[in-house]
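*Asks:* Please see the structure below; I have some questions.
The values are calculated or read from the model by the stated rules, or taken from the named source; none is laboratory data. Model, not experiment: these values are computed from the prediction. Cβ coordinates were reconstructed from backbone atoms using ideal geometry, including for glycine residues, and neighbour counts include every protein chain displayed.
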Amino acid sequence: MSEHQRRKQLTEAFYKQTEQDVLSKMETSKEGLSQAEAKKRLEEYGHNELDEGKKKSLLSKFIDQFKDFMIMVLLAAALVSYFTGDKVEAIMIIVVVLIMAIFGVVQEAKAEQAIDALKSMATPNARAFRNGTMETVKSTELVPGDIVALEAGDVIPADLRLLEANSLKIEEAALTGESVPVEKEMTVITADGTGIGDRLNMAYMNSNVTYGRGLGVVTGTGMNTEVGKIASMLAQSDETNTPLKENLNSLGKKLTIAILAICVIMFGVGMLKGGNTWIEMLLTSVSLAVAAIPEGLPAIVTIILALGTQKMAKRNALVRKLPAVETLGSTDIICSDKTGTLTVNQMTVEAVFTHNQLQPADEGISADNMTLKVMNFCNDTQFSAEGDLIGDPTETALVKFGLKKEYDVRQHLAEEPRIAELPFDSERKLMTTVHELKDGRFMIATKGAPDELLKRCAFYDVNGQKLSMTEAQKELVLTTNTELAQQALRVLAMAYQIVETRPTEITTETLERNLIFSGLVGMIDPERKEAAQAVKVAKEAGIRPVMITGDHRDTAEAIAVRLGILEEGNHEAVITGSELNNLSDAEFAEKVGQYSVYARVSPEHKVRIVKAWQEEGKVVAMTGDGVNDAPALKTADIGIGMGITGTEVSKGASDMVLADDNFSTIIVAVEEGRKVFSNIQKTIQYLLAANLGEVLTLFIATLVGWDTLLPVHLLWINVVTDTFPAIALGLEPAEKDVMAHKPRGRDSDFFSGGVLSSVIYQGVLEAAITLGVYLFAINYPVHTGYDAIHADALTMSYATLGLIQLFHAFNVKSVHQSLFTVGAFKNKFFNYAILLSFVLLAVTIVVPGFNDLFSVAHLDGFQWAVVFGASISIIPIVEIVKAFQRKNLKSV
């Protein structure tokens, strides 16, 4: 058989084939492979491990950082600055770019941890039959056709088609998202498109055996396993461009167009006016254009994001990739895994039906209640040395319920020990234990599926009375069972029998008959207490929560209703993975807005759901904790992993990790993300208005022949006003209505919401006031003499342009709200930044020696009064404009 044929077999649906067909196609038997054949297949298929994929070199990662458009603009500006003689400016830009590149390389290195984490989950050894004898084999040396033995505690070493399953239960939450271990059976599955969670005759690599024993034939190894498919999806999926990156690239392109326009206009007007050579005008226009570039913007954005991550970390949201901070603020859709994210990932008793009464779990129950006794006695849960419960989640839930009711099964078993048992069997769906009672009699305790157990009950217990089972009583029990099941509760029935003599024959025929029905227990993996409120807040903020889970349809729908994700009875909003398979991409695109709950899904479905929403122009966040979530976490605009229950794979693929696994923390992070975007937007408004004011001042002054500012003045103004106040604006507290409006959407940018018009009129205003002060100084001189008058005018315009930017920083605390509403001095860091910037600006004028270095003159009290009066005037002027804007917004 050729390699191509063998590899083709690995893609077959083995769960649809009989045991003999699978063994035949894998060219093996229950005796296993010979050592020679195993060696041959190992050479053919390769080791049973995940491919690392091609990794970029450190140099390649570093070079990739310079492909960002804004970075290329800055590099061009640095070159121009260098060749026009402004080497200080060029060095500053290069330093900023290098810092950004190094930071990007560090981020990318962290992102490669996902597939490494997948590899680390593999078990080191397996028990396989070689030459007809069971041997311990390195799991990396397993090959298709190997026969592998399984028992409780094992990690599945490869994908297997089961050949035997003795009470075998496998926990597949990492792959399917379903919290309850799956009971495996040998039935051939004929349905097409059956999801992983419903393939009861299969076992998958990296899942865990929690109960029983089994035997399986290896059908897939390495990258040909379900986990391998996930690793392939992780390796092939491209990093989604975040809205922040898209906005910064868009800003860079718009700035480039504006800068080129400035160059052309300045050069053209200068040449028409005459008086300068074309080389002089080219250098002048290019220098002016460079002044328009906010070279500190990328670094300031990085600082604002970094400060945002610190605040989010204090609130249990750990950000792995800086742009994720801002992306959260633009989120339209939160696709949330159910298990461990919206629920506590722990089976819990929620209702008990005993003595013909249905009561919630928090009501009292007596220690001699037989339903309580049976659920604890007929139970294989163990206690660790630390007191933790070990065993099947369903059984540990029953013991935990007993402990809450002050029924410690350890004490009772010490007095009434188990002397025999009938293990759970998937065919009869029952488990029975036998106990020697203190009075010398013997108790038979049985639990299992209600319909199966009722068939074996001849009596029922009401308040200690043994009554004969009637059809009416059976109907009551079955009706109650249905009611509980409709609430997505997993229901188990309890029954018992007291016999005088010790049972000698331990069989289902002798023990599991003429039982006394005692009650029902309903369990569920309950929703987190905070999750429902978080869902409500999300909806109020215009964010749509979507539940994606591997659980059954009814369970998923019930939890979604309890959380408020779904309205009761809205069955059309729920879809299963198999139903999704029947929809084409075009059909799904039309209907994606209809669905709020996805049940029984596979990893491919999750990625498809995320992409469908993204194609609708939505910014999508995806939460998850399992291996199965990793591809979707990486595909989403922001992947959110779970810090406590999450696998290292899901964390490695995430942009952010929740330290407390709490869904409500996401909403806290969304609020912080919206604040971060708002503050970046304010910073951009501040920087661009300042730069526009500088450019217009120089442009107009150059055209009319005024000597207003020198290059050193522009450089120092940019250092003291563009740095500290801009960073401080990033620390502004969130505005009160930040969670009261809908997400801004992917199509919005930094100029939306009136920012562009504000930048233009405020930049024009800064230039007009600065030039006005220059004219005033020329026409109303304090000193005499041409040189003195022009020195004073130059100094006053320099001081005004610097101070007006500091006062204008107060204006941009809010785009539309009044300064007096948001609070002028609430941000202490902002206050210190303004004070520091003012001191650094004033030093160049008032400290002897510095004024010579900066070619400025000393100003007297009157001149300082003019400068301050003119500079501070920008606050009332902008306040008046904002008042008109708010009035117009209300009237719309």
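*Asks:* Take residues that are within 30 Å of SER336 (Cα to Cα) and touching a helix residue (DSSP H, G or I) at 6+ places or on another chain (Cβ under 6 Å) and tell me which of the strands (runs of 3 or more DSSP E) falling wholly in the range 442-545 contain 2 or more. Break it down into steps so the answer makes sense when it comes.
*Replies:* Values: elements: 442-448, 457-462, 465-468, 490-499, 515-524.
Of the strands (runs of 3 or more DSSP E) lying wholly inside the range 442-545, those with at least 2 residues that are within 30 Å of SER336 (Cα to Cα) and touching a helix residue (DSSP H, G or I) at 6+ places or on another chain (Cβ under 6 Å) span 515-524.
*Asks:* Can you pull out every residue in the range 865-880 that is touching a residue at least 24 places away in the same chain (Cβ under 8 Å) and either out of contact with any helix residue (DSSP H, G or I) (no Cβ under 8 Å at 6 or more places or on another chain) or not aromatic (Phe, Trp, Tyr) (or both)?
*Replies:* First, pick out the residues of the range 865-880 that are touching a residue at least 24 places away in the same chain (Cβ under 8 Å): 866-868, 870-875, 877-879.
Result: VAL866, VAL867, ALA870, SER871, ILE872, SER873, ILE874, ILE875, ILE877, VAL878, GLU879.
*Asks:* Across the range 697-709, what is the number of residues that are under 24 Å from VAL264 (Cβ atoms) and assigned to a loop (DSSP other than H, G, I, E, B)?
*Replies:* Residues of the range 697-709 that are under 24 Å from VAL264 (Cβ atoms), as a first pass: 697-706, 708-709.
In the following step, the residues that additionally are assigned to a loop (DSSP other than H, G, I, E, B) were identified as 705-706, 708-709.
Qualifying residue count, the range 697-709: 4.
*Asks:* May I pose another question? State the number of residues belonging to the range 587-633 that are under 21 Å from ARG199 (Cα atoms) and hydroxyl-bearing (Ser, Thr, Tyr).
*Replies:* 2
*Asks:* Within the range 423-441, can one find any residue that is at pLDDT 95 or above, assigned by TED's automatic domain parsing to the domain that holds GLU363 and hydroxyl-bearing (Ser, Thr, Tyr)?
*Replies:* yes
*Asks:* Looking at (1) over 26 Å from VAL755 (Cβ atoms); (2) buried (at least 16 other Cβ atoms within 10 Å of the Cβ), find the lone condition where GLY849 falls short.
*Replies:* (2)
*Asks:* Kindly establish whether LYS634 is more than 25 Å from ILE727 (Cα to Cα), crowded, with 24+ Cβ neighbours inside 10 Å and in contact with a Ser or Thr (Cβ under 9 Å, 6 or more places away or on another chain).
*Replies:* Numbers: more than 25 Å from ILE727 (Cα to Cα): yes; crowded, with 24+ Cβ neighbours inside 10 Å: yes; in contact with a Ser or Thr (Cβ under 9 Å, 6 or more places away or on another chain): yes.
The answer is yes for LYS634.
*Asks:* Starting from residues that are among the charged types (D, E, K, R) and within 30 Å of the chain's Cα centre (by Cα), keep the ones in the range 197-228 and report whichever is nearest to SER29 (Cα to Cα). Reasoning before the result, please.
*Replies:* Restricting attention to the range 197-228, the residues satisfying the condition of being among the charged types (D, E, K, R) are 198-199, 213, 226.
Pick out the ones that are also within 30 Å of the chain's Cα centre (by Cα) and you get 198-199, 226.
On the way: ASP198: 26, ARG199: 22, GLU226: 23 Å.
Here the residue is ARG199.
*Asks:* Name, by its number, the condition in (1) crowded, with 20+ Cβ neighbours inside 10 Å; (2) farther than 27 Å from LEU756 by Cβ that does not hold for LYS828.
*Replies:* For LYS828, the failing item is (1).
*Asks:* Looking only at residues that are in a helix (DSSP H, G or I) and more than 60 Å from the chain's Cα centre (by Cα) in the range 767-790, which one is surrounded by the most Cβ atoms within 10 Å (Cβ to Cβ)?
*Replies:* ILE789
*Asks:* Would you confirm whether any residue within the range 701-713 is crowded, with 22+ Cβ neighbours inside 10 Å and modelled with pLDDT of 80 or more?
*Replies:* The answer is no; no qualifying residue exists.
*Asks:* Could you grab me the full set of residues in the range 199-211 that are touching a Phe, Trp or Tyr at 6+ places or on another chain (Cβ under 8 Å), at pLDDT 85 or above and outside any loop (DSSP other than H, G, I, E, B)?
*Replies:* Once the filter is applied, which keeps residues that are touching a Phe, Trp or Tyr at 6+ places or on another chain (Cβ under 8 Å), at pLDDT 85 or above and outside any loop (DSSP other than H, G, I, E, B), the range 199-211 yields only MET202.
*Asks:* Within the range 169-176, is there a residue that is assigned to a loop (DSSP other than H, G, I, E, B), modelled with pLDDT of 85 or more and not polar (S, T, N, Q)? Lay out the reasoning, then the answer.
*Replies:* Taking the range 169-176 first, the residues assigned to a loop (DSSP other than H, G, I, E, B) are 172.
Imposing the further condition that a residue be modelled with pLDDT of 85 or more reduces the set to none.
No: zero hits.
One line per residue, one yes/no per condition, for (1) hydroxyl-bearing (Ser, Thr, Tyr); (2) over 30 Å from the mean Cα position of the chain (by Cα):
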{"site": "GLU151", "(1), (2)": "no, yes"}
{"site": "ARG161", "(1), (2)": "no, yes"}
{"site": "LYS169", "(1), (2)": "no, yes"}
{"site": "THR187", "(1), (2)": "yes, yes"}
{"site": "GLY195", "(1), (2)": "no, no"}
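*Asks:* In the range 340-378, which residues are part of a strand (DSSP E or B) and touching a residue at least 40 places away in the same chain (Cβ under 8 Å)?
*Replies:* Kept after step one, since they are part of a strand (DSSP E or B), are these residues of the range 340-378: 343, 348-354, 357-360.
THR343, THR348, VAL349, GLU350, ALA351, VAL352, PHE353, THR354, LEU358, listed by residue number.
*Asks:* Then there's this: Assuming LYS447 fulfils every condition listed in (1) closer than 25 Å to VAL349 by Cβ; (2) of a type in the set (D, E, K, R); (3) at pLDDT below 95 apart from one, which condition is it?
*Replies:* (3)
*Asks:* Suppose we filter THR432, THR394, THR381 for residues that are crowded, with 18+ Cβ neighbours inside 10 Å, out of contact with any helix residue (DSSP H, G or I) (no Cβ under 6 Å at 6 or more places or on another chain) and either in contact (Cβ under 8 Å) with a residue 12 or more places away in the chain or more than 17 Å from THR210 (Cβ to Cβ) (or both); which single one remains? Give the derivation first.
*Replies:* Numbers: THR432 fails: out of contact with any helix residue (DSSP H, G or I) (no Cβ under 6 Å at 6 or more places or on another chain); THR381 fails: out of contact with any helix residue (DSSP H, G or I) (no Cβ under 6 Å at 6 or more places or on another chain).
The unique qualifying residue is THR394.
*Asks:* Next question, about the same structure. Taking the range 126-154, which residues are out of contact with any Phe, Trp or Tyr (no Cβ under 6 Å at 6 or more places or on another chain) and modelled with pLDDT under 85?
*Replies:* The answer is GLY153, ASP154.
*Asks:* Out of all the residues in the range 411-422, is one or more assigned to a helix (DSSP H, G or I), basic (Lys, Arg) and touching a residue at least 24 places away in the same chain (Cβ under 8 Å)? It would help to see each step written out before you state the result.
*Replies:* Going through the range 411-422, the residues assigned to a helix (DSSP H, G or I) turn out to be 411-415.
Of the ones still in play, those that are also basic (Lys, Arg) are none.
Looking for residues that are assigned to a helix (DSSP H, G or I), basic (Lys, Arg) and touching a residue at least 24 places away in the same chain (Cβ under 8 Å), one finds none in the range 411-422, hence no.
*Asks:* Checking the structure you have, find out if any residue of the range 105-125 is small (Gly, Ala, Ser) and at pLDDT 80 or above. Quick ask: steps written out before the conclusion?
*Replies:* The first filter runs over the range 105-125 and keeps only residues small (Gly, Ala, Ser), leaving 109, 111, 114, 117, 120, 122.
Filter once more, keeping what is at pLDDT 80 or above: none.
No: the range 105-125 contains no residue that is small (Gly, Ala, Ser) and at pLDDT 80 or above.
*Asks:* For the range 802-852, which residues satisfy the criterion of being among the charged types (D, E, K, R) and within 21 Å of LEU688 (Cβ to Cβ)? Break it down into steps so the answer makes sense when it comes.
*Replies:* Within the range 802-852, the first condition is being among the charged types (D, E, K, R), and the residues that meet it are 813, 826, 828, 852.
Answer for the range 802-852, where residues must be among the charged types (D, E, K, R) and within 21 Å of LEU688 (Cβ to Cβ): just LYS813.
*Asks:* Restricting to the range 472-518, name every residue that is among the hydrophobic types (A, V, I, L, M, F, W, C) and at positive phi. Can you show your working first?
*Replies:* Here is the first cut: in the range 472-518, the ones among the hydrophobic types (A, V, I, L, M, F, W, C) are 472, 476-478, 484-485, 488-489, 491-495, 498-499, 506, 511, 515-517.
ALA488 - this is the single residue of the range 472-518 that is among the hydrophobic types (A, V, I, L, M, F, W, C) and at positive phi.
*Asks:* Can you tell me which residue among MET271, MET281 is part of a helix (DSSP H, G or I) and modelled with pLDDT of 75 or more?
*Replies:* Values: MET281 fails: modelled with pLDDT of 75 or more.
The conditions single out MET271.
*Asks:* Those residues that are touching a Leu at 6+ places or on another chain (Cβ under 8 Å) and farther than 14 Å from PHE677 by Cα, I need them from the range 737-761; list them, please.
*Replies:* Passing the criteria: VAL759, ILE760.
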